[in-house]
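Asks: Can you read through this structure? Questions will come right after.
All of the numbers you see were taken from the coordinates with simple rules; none came from a lab. Since we're looking at a predicted model, the values are computed, not measured. As a convention, Cβ positions derive from the backbone with ideal geometry for all residues, glycine included, and neighbour counts pool all protein chains shown.
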Amino acid sequence: MIKAAIIGATGYAGQALLRILTEHPEVDVIHVGSRSYDGKRIDRVYPLYRDILDETCRNLSVSALAESADVIFLALPHGIASAQVDEAVLDKTVIIDLGADYRLHDVNIYEKWYQVKHESPDLLSTAVYGLPELHRTEITETNLIANPGCYTTCSILTLAPLVKAGLIDTDSVVIDAKSGVTGAGRGETLANHYCEVNENIKAYKIASHRHTPEIEQELSLLGETDMTLLFTPHLVPMNRGILSCCYAKASVDLTTEKLADIYRDFYEGEPFVRFVGNVSPETRWVKGTNFVDIGVNVDSRTGRVIAMGAIDNLYKGAAGQAVQNMNIRFGLDERTGLNSVADFPV
C-alpha cells in the first residue's frame, strides 16, 4: 500500500483528493493535514466522512511527514510549498504540489505573476509539470510533480494538437474560459458570496490571470516557438466545472472532419481524454470525473478554428489529476481509483 499524506485536506481540492484516496485500493491515508482545523475530526468538518474515515486533522510539517509517507500531496496556496520542500525531503518521499510553486520553469516569471519570493528556485529544474498527456515519461522519474492549474489543464489539452501540428497562427490564440465558484477556493470572500454570484456572470483578472504564463509555457514547448496568447476567465454561478472555448486563425486549409482526425490521432489511447467531434462539450458530463471532453469545429467563413474543452476543476483540474500523477509515478494503472462516472442529474 502507498502511504499518502495530504496537507491542506479541508479545502475544496484537498477534500476531493481525500475522497478519491479514501476509495483508492492501493492507498493508505496516514495523515489528514489542516492548520485551520487542527485537532478536529474530519467527519466534523465534512460530515460525508461519517462512519467512513476516522481521522483527526493535524498540522504537521512536510519534513516530519517525509519520514513516514511515500507521497505527500500539498493542497496549499502559492508561496507555501516552496518554503517547505527541499532536497532532503525529496530524497525521502514524492511531493505532488497542487499549488503553483513549481509549475513555472523561470523563477522571475513566477515572482512577477505571483508577487511572492520563491524560496527554493534551485528545485524548479528538477520539477516535472504533471500533465500526463504531455509528460508521462518524465513523471515516472521524478520526486517533485507540479500538478497543473485547472484553467491551464483544460486550455492546454484543448489546444495541444493544433499547436503540435502547426495548424494555427500561434499569435492569434484567444482563450475564453468559464469556471464554477469552487475554483476560487473555500475561503470566505465577498466576491464568492451567494448573492454576489447567483444570477450573474462576469469576467475577472482580465489580461492578468496567473494561469496565463503556465499555458504559454507548455504550449510554447509543444510548438517549439514562443507563444503569447489572450486568456480571459469568467465566473459562472455553478459549483464546479470549467469550459474553455479557444479560438485561433488556421494557418493551413482545414475542415472540421480533417481536424477531428488530427485530434483522434493525437489522443489515441489516452484514458481520460474523450474526443466528442464537433459536439459542444458540457461540464455536467465530466462533473466528478477525471475526464476532459474536447470538441472542435472549423469556421470556413472566417478561417478560424474553434476548439472547446470541459473538465471538472476539482478532479482533472486538481485532485483527480494529482492521483493520476501518483498512479503513474508508482507504476500503477493510471486509471486506478479514477473510474467514476458523472452523476446525473445533479
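Asks: Which one, Ala160, Phe344, Ala250, projects farthest toward the positive side of the charge dipole computed for the chain from Cβ point charges (K/R +1, D/E -1)?
Replies: Phe344
Asks: Among Pro132, Asn325, Leu314, whose Cα sits farthest toward the positive end of the charge dipole of the chain (+1 at Cβ of Lys/Arg, -1 at Cβ of Asp/Glu, about the Cα centre)?
Replies: Towards the positive end, the residue furthest out is Leu314.
Asks: Something else now. Within 10 Å of each residue's Cβ, count the other Cβ atoms and sort Met308, Met1, Met238 from fewest upward. List each step's numbers first, then the result.
Replies: On the way: Met308 23, Met1 11, Met238 15.
Ascending Cβ contact count within 10 Å gives the list Met1, Met238, Met308.
Asks: Under unit Cβ charges (Lys, Arg +1; Asp, Glu -1), what dipole magnitude, rounded to 20 debye, does region 151-311 have relative to its Cα centre? Walk me through the numbers on the way to the answer.
Replies: Numbers: 15 positive and 20 negative charges, 104 e Å.
Computed about the Cα centre, the dipole is about 500 debye.
Asks: Here is a further query. Taking 0.36 nm per residue of separation and subtracting the Cα-Cα distance, what length does fully extending Lys40 through Asp265 add? Could you put the intermediate results ahead of the total?
Replies: On the way: separation 225, 0.36 × 225 = 81.00 nm, distance 4.94 nm.
This chain segment gains 76.1 nm when fully extended.
Asks: Within region 151-311, how many Lys pairs sit with Cα atoms under 30 Å apart, leaving out pairs fewer than 8 places apart on the same chain?
Replies: Close lysine pairs under the 30 Å cut-off: 16.
Asks: Here is a further query. Can you put Ile168, Ile109, Ile201 in order, fewest other beta carbons within 10 Å first?
Replies: Going from sparsest to densest Cβ surroundings: Ile201, Ile109, Ile168.
Asks: Follow-up question, since we're still on this one. Hey, got the dipole for the chain? About the Cα centre, +1 on K and R Cβ, -1 on D and E Cβ, debye to the nearest 20?
Replies: Values: 31 positive and 46 negative charges, 211 e Å.
Once rounded to the nearest 20, the dipole reads 1020 debye.
Asks: While we're looking at this one, here's another question. Before rounding to the nearest 500, sum -39500 (n - 2.57) across all DSSP H runs of length at least 4 in the chain and divide by the residue total; then give [θ] at 222 nm in deg cm²/dmol.
Replies: Numbers: 11 runs with 92 residues, N = 346.
Here the helix-only value at 222 nm equals -7500 deg cm²/dmol.
Asks: Turning to a different aspect of this structure: How do Ser125, Ser63, Ser155 rank when sorted from fewest to most other Cβ atoms within 10 Å of their own Cβ? All intermediate terms of the calculation are to be shown ahead of the outcome.
Replies: On the way: Ser125 7, Ser63 14, Ser155 32.
Ordered by Cβ neighbours within 10 Å, fewest first: Ser125, Ser63, Ser155.
Asks: Which distance in Å, rounded to a whole number, links the C-alpha centroids of region 162-184 and region 282-346?
Replies: Centre-to-centre distance over Cα atoms comes out at 15 Å.
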